[in-house]
Amino acid sequence: MMTNLFSIFDPSTNLFNLSLNWISTIIGLMFIPYSFWLIPNRYFIFWNFILNNLHKEFKMLLGKNSNGSTFIFISMFTFILFNNFLGLFPYIFTSTSHLTMSLSISLPLWLSFMFYGWLNNTQHMFIHMIPQGTPTILMPFMVLIETISNIIRPGTLAVRLTANMIAGHLLMTLLSGTGNSLSTYMIILLVIIQILLLILESAVAVIQSYVIAILSTLYSSEVN
């Protein structure tokens, strides 16, 4: 019996006194290598099509001076996507539902943007603090607002991913917990609802990884 609703997100559960839940983060690597050693199949062609489209879109956002930077964001998109999808399988720990994981992705990336921008494009970063056409009297307030919004960016990226992963899983857990007290017809309805929620969560897994990658690309384009 579940003692706590959030126990499904508890990384401290163990097997033979070994905390193995975080190993789920690297399970995604098992799905990748075989496509590089076999004759290109439909899976490989489809995945290559997605990566090419992402590369074109990120390159357009970053501008002409991308210099291979798109591969950083494509790799991040792939990593988050695999972890989001793996969390939909039974008994596999959802690592992206923890701020430990999501902050480890967003914070170093944001810090690298800030260090690069302030060291190499200091004047541009100061100009970016005040939108064009701002009245002189409002300039101090705009600098304060822009500074705060810039500082909370890694937190918003991390919380957005974590909250969306937790919300769907909690809803599915709550609904599945009512199955014991339902009639046969209601259980059939519950299964249909759970399948629809699973499809929705699959879409959320893709959308959230895409949103994180796009926002990171936009933040990167602002420091150039």
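The numbers here are math on the coordinates, done by the rules we state, and not lab data. All values derive from a computational prediction rather than experimental measurement. Positions of Cβ are generated from backbone atoms using ideal geometry, with glycine treated the same way; all protein chains shown enter the neighbour counts.
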* Structure fact -> By residue number, the members of the range 91-129 that are small (Gly, Ala, Ser) and within 14 Å of the chain's Cα centre (by Cα) are Ser95, Ser97, Ser102, Ser104, Ser106
* Asked: Looking at (1) surrounded by fewer than 17 Cβ atoms within 10 Å (Cβ to Cβ); (2) not in a helix (DSSP H, G or I), which is the only condition Val223 fails?
  -> (1)
* To do: Restricting attention to the range 194-205, report how many residues are of a type in the set (Val, Ile, Thr) and surrounded by 15 or more Cβ atoms within 10 Å (Cβ to Cβ).
  => 1
* Considering only the range 102-208, give the helices (runs of 4 or more DSSP H) lying wholly within it that have at least 1 residues that are in contact (Cβ under 8 Å) with a residue 60 or more places away in the chain and among the basic types (Lys, Arg). => 153-176
